[in-house]
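I'd like to ask some things about the structure below.
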Number of protein chains: 4
Amino acid sequence: MELLDRYFKVRKHTEAICSHLQTEDYVVQPVADVSPPKWHIGHTTWFFETFILKPYFMGYQEFDANYNFVFNSYYEAVGNRVIRTDRGNLSRPTVIDIYRYREYVDDAMTKFLGHAPSADVAELLVLGLNHEEQHQELLLTDIKYILGHNPLFPAYDASYKSPKANHSDAGFIRVDEGIYEIGFNGDSFCFDNELNRHKVYLNSYEISANLVTNAEYLEFINADGYHDFRHWHAEGWDWVKNSKVECPLYWHLIDGGWYAYTFHGLEALKLNDPVCHISYFEAYAYANWKGMRLPTEFEWEAASSKFEWGKAWEWTESSYLPYPGFAKALGAIGEYNGKFMVNQKVLRGASEATSPGHSRATYRNFFQTHLRWQFTGIRLAK
Amino acid sequence: MELLDRYFKVRKHTEAICSHLQTEDYVVQPVADVSPPKWHIGHTTWFFETFILKPYFMGYQEFDANYNFVFNSYYEAVGNRVIRTDRGNLSRPTVIDIYRYREYVDDAMTKFLGHAPSADVAELLVLGLNHEEQHQELLLTDIKYILGHNPLFPAYDASYKSPKANHSDAGFIRVDEGIYEIGFNGDSFCFDNELNRHKVYLNSYEISANLVTNAEYLEFINADGYHDFRHWHAEGWDWVKNSKVECPLYWHLIDGGWYAYTFHGLEALKLNDPVCHISYFEAYAYANWKGMRLPTEFEWEAASSKFEWGKAWEWTESSYLPYPGFAKALGAIGEYNGKFMVNQKVLRGASEATSPGHSRATYRNFFQTHLRWQFTGIRLAK
Amino acid sequence: MELLDRYFKVRKHTEAICSHLQTEDYVVQPVADVSPPKWHIGHTTWFFETFILKPYFMGYQEFDANYNFVFNSYYEAVGNRVIRTDRGNLSRPTVIDIYRYREYVDDAMTKFLGHAPSADVAELLVLGLNHEEQHQELLLTDIKYILGHNPLFPAYDASYKSPKANHSDAGFIRVDEGIYEIGFNGDSFCFDNELNRHKVYLNSYEISANLVTNAEYLEFINADGYHDFRHWHAEGWDWVKNSKVECPLYWHLIDGGWYAYTFHGLEALKLNDPVCHISYFEAYAYANWKGMRLPTEFEWEAASSKFEWGKAWEWTESSYLPYPGFAKALGAIGEYNGKFMVNQKVLRGASEATSPGHSRATYRNFFQTHLRWQFTGIRLAK
Amino acid sequence: MELLDRYFKVRKHTEAICSHLQTEDYVVQPVADVSPPKWHIGHTTWFFETFILKPYFMGYQEFDANYNFVFNSYYEAVGNRVIRTDRGNLSRPTVIDIYRYREYVDDAMTKFLGHAPSADVAELLVLGLNHEEQHQELLLTDIKYILGHNPLFPAYDASYKSPKANHSDAGFIRVDEGIYEIGFNGDSFCFDNELNRHKVYLNSYEISANLVTNAEYLEFINADGYHDFRHWHAEGWDWVKNSKVECPLYWHLIDGGWYAYTFHGLEALKLNDPVCHISYFEAYAYANWKGMRLPTEFEWEAASSKFEWGKAWEWTESSYLPYPGFAKALGAIGEYNGKFMVNQKVLRGASEATSPGHSRATYRNFFQTHLRWQFTGIRLAK
């Protein structure tokens, strides 16, 4: 059965990501944005239990009533929950308990999917799988934060293979003025925030074929870009000064040489790789310093077939707003996207941490302007 | 001379606004967003001294070198400054000192404008006058906050006349799909953020001919809208709960009846007036509860000739972003608008506190999503 | 009538202290510990109205019912009050309003004291006068903070005369081991915290005849005392690092020379004056660095007849705790001292800002360990 | 060899305490005051490595140079350290790594103690063992906090035996006025803060033979003691209101019945047990409400032979201050006690969590006034 196969493929991939962890790595939450890996393991399981098994699988016995409290992320409609900043305070349920929970739900899902589900449930299931794929990326970003902020700088996986950087000399791609169609159009899965497909009018513009590299970003640092207010938004300048930021996250200047924490541990900075782990504020300041700007998400999408993308999420100048005619789903699922559409910026593309098959040219990722723990980079426009 | 006449007209209007104040009212700063009136009096004067007299009036003697530190608002390029939250800690310079400073600069400007200024300087002067008109509105909003948060609820001006509310039954205005031109187009003054005039593609939409009234907003309160997470953005919901907001700013429920602080003191709520002093979060939640939405700034501008506006600034769904081809001015003046183009929402229209002649259909006002001390209201779209 | 004479003498002295202020100086509150001078003027008046006129003067008409809310300091038993940090946000009542209130209460007190009051009321009156004398000292300390933190460094009173520093070469005074009697003993006024007189056993000790001077304290600064954790309490070290303290309050290092803000404005540091405006943490660290310690309040009192004191309050090693048999008064007056007897240190002596006739060898002043805006100095013991 | 035997006895006891934990329980730090158990395991080991093996055992090879950074608690003299609030963010070193470290140091200590150490080193060793016994108690208090704040309320050890409560009817013990000797006097180990033995003069007083019970404390709750400002210090009242405290830590009111989290999990409150896990503020308020007071540490010690103590630490009215002639040890060991002697209260006695043989009538424990996670109770005096 195809759905069940896909279900297990996704579920096993989550577990494969965690296979390099020590038990202790599953538990900690160094900052509010990062969740403990064991929480992700439980939360993705809770999603299937809450939205599929409990409402649709007659006779299903909840694994543990307390788990709703522990593993609800932000769904106000599904009851109280552990506040986000407290996730790292919970030693129980243990990692083993949570894997048992996972197995229990997987078993029930196997039984449940023995009969072909209704279209509605199939839709929920596909949403749940896409949801889990999103958490697979969060697992990698959170694990990188947990290990990369440990004073021992342990490797995550010595055999981890970074994608190859394809740095071309293609320069800038010119796009003509006119009306473009934006948004998802097709039969396969997309998130509600990619709908509806609609027209936008774009002035002519140029967009870079390449992401900004570490070498290029170092020029900004060496030109004292972090200490010159003229390149920054007022709010970005406050952020730089209050956070004492001097370089991308995970970079370290050691005895005059630049190093970066990677999944292999601390390594000499690779100059030709795309710069990564920068905030929107930094992306904007860099572009400003270059006398250019970031593309809007519409410019990005309209040109996306003309360049390679996928090693780092790309900050756009666009705020995360609803497309014309956007409508939330009913019930708890309706909290998925719409309620975050304020004071966040859209990122386009995908990153090396994005799960296989989870990227689309119409995909709208979004984060707050000061965050850096995601794999985020810069493409210039002018 | 026309420029000089206009200069004095604007300058005297600022002083007229303050004519109802006691000396003590000029001094306090109850929250960071509000500035003490004496600071506005000094800062608008400092603007002319710093950007016109010092660079362009040969032989001009600065009034007091310390005043640059005291009255610089946010221009990083013009040196250090008193941090914003400390403005209300300064008892000196006194109100009289600052009026002397004002007179001194006005005298110098009179002399300076005896000869027709160059086009560049005339442009700066007009910017300075528009800048002072903006501070005239801020003076009124800040004075309202200062007096409206005093436990004695003193009136600002018993003879103050609110504009009449023109509540029509015009219902919704329908606008057709297509390309519209947005942005300022003309020879007179506009701010840099209104340029360039450019095309946008709009889907068809409907926009209300009226602002939402106090009576209509009370229905939202009575329907428990402030306690139902479903209407709110996640960030708005956090704001409502943490700030314990239950109604618009200045509203008070006394013995079962609703009152509002106005420039006349505490008065029974006027049900047909537009609701005012609400945050973007509240505007969004109200629209959501009604099953509608806020217009974008483009929808607003494209339809603006078809409805009356001007008693309250209108929150739009649009984030404050640069128009295509936006370019900052060189030097300190370049800090005027561009550096605030992140994490703010555009307001369109004007309010009863806006100075005469200071409004345009292309005017882009902007504030953060949680702020309420401005005269801000709601127009619905669908 | 003696009581009435004394009443007016005290009341006029308060007004004399304020006679050097501009209206604006009365209004501001740069930090929570400092109150606006107009608040002191109102609060000392409120004390007589609340505790004497309202309960004991038949037919007395309260001046304004709102003033209880505005001018109550910390008496929970007397109703709600403006929270301390908001005092500087109130532009109304104006300074003139408050002086009218003062006059109104003084008139009523004159009438009321036309007949000799009962012993109970006379006792309350004397408490009220001592209370006002305490606020006279607070007025001076708060005014110094307000003007001394203004970037213009205005003088308070050019003709202000600092007491002469009597620096003797008397060295250390030796006191023998044994039982000493501590606490107030007499018929005149004292605060409840000075009672009961009781025995303490003291080991032999030596106490300095002089306060530590600015010159001596400079040696500590020059020896890098502010950057060596070994001299500090753990909590003091956190305070030094977080507050970035490098010298006493009001000291400024300008072009290599030390200056201090005084009631005359900014002046070159007087090396032979006692060091002043230091926290307990600094007093302790200095003593520690010298290989000595601060005296306990018992050691101080037992030796107090053998040295001069009175230009700066002297930090002691003693925590502010009740004497054996301490009992709070009934009602609101009982909140005067007892409820502050935790996490504060006792200061002994008096300062140049203490009102004439308000000092005693048994007087127990008290502040938190990080505060510096009082006139506080150091006497060493070993 | 006696010292080595004792060394292993203490070290094994620490491990026995942790034998009931899951790996995850070792890792978390729900609040700054609580340390992760694995940190205690490492820190007590680091103490022997740092203060004994590295300086005194020739040829000793440090286990891992990074561990000094990870396991230093507060010794400024021994280099940088992980800030306290970050201890719970460290997944590495793992629990197994730390037990290996422990074994490595124990092996080295075995070799080192093969030859009788010098008197100086023996003294350090005994200090290290007493230090570890203190951390044994902290382990129990921290484990109780970690499990007791988990929404699943897991038991620590189902077979844990609480000491029996010996509630007698002995009433109050009267002690006569006079000179008493206070402080440690003997040849065995004591901490530096118990020295020097010295005379104090005490007024006559009465001290209760029993600790206040849960039943008695419930009367205070039922009399609305948590909502009546008159019983509280001003700072305590702020704490109660800001922290929304309504009962002792670990108490829960469920369907009208009182429960408490214990090492067995959630249990019905035992009314005859001493009240436990209350702050100094609560102890003071309770005594005040009873019309009594807390004893001073001197009153406690002078009477300590006349009552039973040891199930809960007893808050005293005494601030934690140096005894006459107190002198810090040289070097890092000197940071052990002296630098905490400000803004803390002395607790006397011992608790059920105190390690066997670790209690003395002269022992001075100390905590800040708002803390409750220790086993802290109330003995009344009058």
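Could you identify the single residue in D:188, D:204 that is free of Cβ contacts under 8 Å to residues at least 12 places away in the same chain, under 21 Å from residue D:301 (Cβ atoms) and assigned by TED's automatic domain parsing to the domain that holds residue D:239?
Answer to the selection: D:188.
Kindly indicate whether residue D:272 is in contact (Cβ under 8 Å) with a residue 40 or more places away in the chain and open to solvent by 60 Å² or more (accessible area, probe 1.4 Å).
yes
Could I ask something else about it? Considering each residue of the range A:1-16, count those that are open to solvent by less than 10 Å² (accessible area, probe 1.4 Å) and within 20 Å of residue A:263 (Cβ to Cβ), and give that number.
So the answer is 1.
For a quick check of your reading of the model, give me the residue pairs whose first member lies in the range D:90-113 and is free of Cβ contacts under 8 Å to residues at least 60 places away in the same chain and assigned by TED's automatic domain parsing to the domain that holds residue D:47, whose second is part of a helix (DSSP H, G or I) and small (Gly, Ala, Ser), with beta-carbon atoms closer than 8 Å and at least 6 apart or on different chains.
Qualifying pairs under 8 Å: D:93/D:42; D:101/D:42.
Right, here's the next one. So which of D:269, D:249, D:294 ends up being of a type outside the set (S, T, N, Q) and closer than 30 Å to residue D:176 by Cα?
D:294
Given the criterion among the aliphatic types (A, V, I, L, M), away from chain A (no Cβ under 14 Å) and outside any helix (DSSP H, G or I), identify the matching residue among B:152, B:138.
It is B:152.
Based on this model, can you work out whether residue D:203 counts as over 30 Å from residue D:26 (Cα atoms), within 14 Å of chain C (Cβ to nearest Cβ) and in contact with a Pro (Cβ under 6 Å, 6 or more places away or on another chain)?
yes
Quick one: which of B:218, B:249 is in contact (Cβ under 8 Å) with a residue 60 or more places away in the chain, within 25 Å of residue B:309 (Cβ to Cβ) and open to solvent by 20 Å² or more (accessible area, probe 1.4 Å)?
Unique residue meeting the criteria: B:249.
Scan the range B:330-351 and report the pairs whose first residue is assigned by TED's automatic domain parsing to the domain that holds residue B:192 and among the aromatic types (Phe, Trp, Tyr) and whose second residue is in a loop (DSSP other than H, G, I, E, B) and buried (at least 20 other Cβ atoms within 10 Å of the Cβ), with Cβ atoms within less than 8 Å and a gap of 6+ or a chain change.
Close Cβ pairs satisfying both conditions: B:340/A:233; B:340/B:320.
Which condition does residue C:83 not pass, out of (1) buried (at least 17 other Cβ atoms within 10 Å of the Cβ); (2) within 14 Å of chain B (Cβ to nearest Cβ), if it passes all the others?
Condition not satisfied by residue C:83: (1).
Continuing with this model, one more query. Given the criterion in contact with a Phe, Trp or Tyr (Cβ under 8 Å, 6 or more places away or on another chain), on the phi > 0 side of the Ramachandran plot and either modelled with pLDDT under 95 or away from every other protein chain (no Cβ under 12 Å) (or both), identify the matching residue among A:377, A:331, A:325, A:349.
A:349
Output the qualifying pairs, or none if there are none: Cβ atoms under 8 angstrom, residues six or more apart or on different chains, first residue in the range B:129-141 and open to solvent by 10 Å² or more (accessible area, probe 1.4 Å), second residue part of a helix (DSSP H, G or I) and among the β-branched types (Val, Ile, Thr).
What qualifies is B:133/B:10; B:135/B:14; B:135/B:44; B:140/B:17.
Can I ask one more? Inspect all residues belonging to the range C:292-299 and state whether any of them is in contact with a Gly (Cβ under 9 Å, 6 or more places away or on another chain) and over 30 Å from residue D:332 (Cα atoms).
Taking every residue of the range C:292-299 in turn, none turns out to be in contact with a Gly (Cβ under 9 Å, 6 or more places away or on another chain) and over 30 Å from residue D:332 (Cα atoms).
Tell me the residue from D:32, D:65, D:77 that is among the hydrophobic types (A, V, I, L, M, F, W, C), in the same structural domain as residue D:135 (by TED's automatic domain parsing) and without any contact (Cβ under 8 Å) to a residue 24 or more places away in the chain, please.
On inspection, the qualifying residue turns out to be D:65.
Based on this model, can you work out whether residue B:293 counts as under 24 Å from the mean Cα position of the chain (by Cα) and among the basic types (Lys, Arg)?
Yes.
While we're on this one: Report the residue count in the range A:147-178 for those that are loosely packed, with under 12 Cβ neighbours inside 10 Å and of a type in the set (Val, Ile, Thr).
Qualifying residue count for the region: 0.
Tell me, which residue of the range A:88-107 that is open to solvent by less than 30 Å² (accessible area, probe 1.4 Å) and touching a Phe, Trp or Tyr at 6+ places or on another chain (Cβ under 6 Å) is farthest from the other protein chains (Cβ to nearest Cβ)?
So the residue we want is A:105.
Still on this structure, I have one more. Just one of (1) in a helix (DSSP H, G or I); (2) at pLDDT below 95; (3) closer than 24 Å to residue B:357 by Cα; (4) of a type in the set (Gly, Ala, Ser) trips up residue B:77, so point out which.
Failed condition: (3).
Can you name the number of the only condition in (1) polar (S, T, N, Q); (2) in a helix (DSSP H, G or I); (3) within 30 Å of residue D:25 (Cβ to Cβ) that residue A:91 fails?
(2)
Identify, please: which residue in the range A:3-26 is of a type in the set (A, V, I, L, M) and in contact with a helix residue (DSSP H, G or I) (Cβ under 8 Å, 6 or more places away or on another chain) and is, among those, nearest to the other protein chains (Cβ to nearest Cβ)?
Result: A:21.
Where residues in the range D:116-129 are closer than 17 Å to residue D:54 by Cβ and over 25 Å from the mean Cα position of the chain (by Cα), which of them is farthest from the other protein chains (Cβ to nearest Cβ)?
D:117
Looking at (1) among the basic types (Lys, Arg); (2) surrounded by 15 or more Cβ atoms within 10 Å (Cβ to Cβ); (3) assigned to a loop (DSSP other than H, G, I, E, B), which is the one condition that is false for residue D:144?
(3)
Could you grab me the full set of residues in the range D:35-62 that are farther than 24 Å from residue D:279 by Cβ, open to solvent by less than 30 Å² (accessible area, probe 1.4 Å) and either free of Cβ contacts under 8 Å to residues at least 12 places away in the same chain or of a type in the set (Gly, Ala, Ser) (or both)?
The one that is farther than 24 Å from residue D:279 by Cβ, open to solvent by less than 30 Å² (accessible area, probe 1.4 Å) and either free of Cβ contacts under 8 Å to residues at least 12 places away in the same chain or of a type in the set (Gly, Ala, Ser) (or both): D:42.
Please name all residue pairs, on different chains or six or more residues apart, with Cβ atoms under 8 Å, provided the first residue is in the range A:1-21 and is among the aromatic types (Phe, Trp, Tyr) and the second residue is surrounded by 19 or more Cβ atoms within 10 Å (Cβ to Cβ) and assigned to a helix (DSSP H, G or I).
These pairs meet every condition: A:7/A:109; A:7/A:125; A:7/A:129.
Between residues in the range B:252-267 that are hydroxyl-bearing (Ser, Thr, Tyr) and residues that are assigned to a strand (DSSP E or B), which pairs lie under 7 Å by C-beta distance while being six or more apart or on different chains?
B:259/B:252; B:259/B:266; B:259/B:267; B:259/B:268
Moving on. Can you list residue pairs whose Cβ atoms sit under 6 Å apart, with the first residue in the range D:290-307 being in the same structural domain as residue D:202 (by TED's automatic domain parsing) and the second being of a type in the set (Lys, Arg) and part of a loop (DSSP other than H, G, I, E, B)? Count only pairs 6 or more apart in sequence or on different chains.
D:292/D:382
For residues in the range C:232-242 being of a type outside the set (A, V, I, L, M) and open to solvent by 20 Å² or more (accessible area, probe 1.4 Å), which is farthest from the other protein chains (Cβ to nearest Cβ)?
Looking at residues that are of a type outside the set (A, V, I, L, M) and open to solvent by 20 Å² or more (accessible area, probe 1.4 Å), I get C:242.
The values are calculated or read from the model by the stated rules, or taken from the named source; none is laboratory data. On a predicted model such as this, the values are computed, not experimentally measured, just so you know. Heads up, the Cβs are rebuilt from the backbone with ideal geometry, glycines too, and the neighbour counts pull from every protein chain shown. These accessible areas exclude ligands, DNA and RNA; they are computed on the full protein's heavy atoms, side chains included. Shrake-Rupley method; radii C 1.70, N 1.55, O 1.52, S 1.80 Å.
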